[in-house]
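S.K.: Quick one: the structure is below, questions incoming.
Derivation of every value follows stated rules applied to the coordinates shown; laboratory data play no part. Every value quoted in this text rests on a predicted model; they were computed, and no experiment measured them. So basically every Cβ, Gly included, is an ideal-geometry build from the backbone, and we count neighbours across all protein chains shown.
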């Protein structure tokens, strides 16, 4: 996913890959922070922001931490 062309990142499966990555951190809370820093290095900023949002949402889902959610 990191080496795809711009037009390939607009495919609908790209969002599913982001969800899959987010589900790896489901309920893990602060363990996602290192991966979020890596995601910030993506060239496509719209994709980076979407993946960051999904990962952080999944990581803090069900935690009760209303400031993060």
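S.K.: If I take every Cα pair under 8 Å that is 6 or more residues apart in the chain, average their sequence separation and divide by the length, what percent do I get for the relative contact order?
M.R.: 38
S.K.: Which residue, 21, 42, 53, has the most motion in a Gaussian network model of the chain that connects Cα atoms within less than 10 Å?
M.R.: 42
S.K.: Test of understanding: ordering 17, 25, 50 by Cβ neighbours within 10 Å, fewest first, what list do you get?
M.R.: Lowest to highest Cβ neighbour count: 17, 50, 25.
S.K.: Can I ask one more? Roughly how tilted is helix 45-59, in degrees to the nearest 10 and between 0 and 90, from the longest Cα axis of the chain?
M.R.: On a 0 to 90 degree scale, this one is about 30.
S.K.: Where does the chain land at 222 nm, in deg cm²/dmol rounded to the nearest 500, when only DSSP H runs of n ≥ 4 count, each adding -39500 (n - 2.57), divided by all residues?
M.R.: Taken over the chain, the calculation gives -15500 deg cm²/dmol.
S.K.: Continuing with the same structure: Which angle between 0 and 90 degrees, to the nearest 10, do you get for helix 12-24 versus the longest principal axis of the chain when only C-alpha atoms count?
M.R.: So the helix axis and the longest Cα principal axis differ by about 30 degrees.
S.K.: Build a GNM of the chain with springs between Cα atoms under 10 Å: which of 18, 59, 34 gets the top mean-square fluctuation?
M.R.: Of 18, 59, 34, the Gaussian network model singles out 34 as fluctuating most.
S.K.: Also, I was wondering about something else. Could you line up 16, 39 from fewest to most neighbouring Cβ atoms inside 10 Å?
M.R.: 16, 39
S.K.: Pull out a ≥ b ≥ c, the square roots of the eigenvalues of the alpha-carbon gyration tensor of the chain, then state rounded if a/c is under 1.5, prolate if not and a/b is larger than b/c, and oblate in the remaining case.
M.R.: prolate
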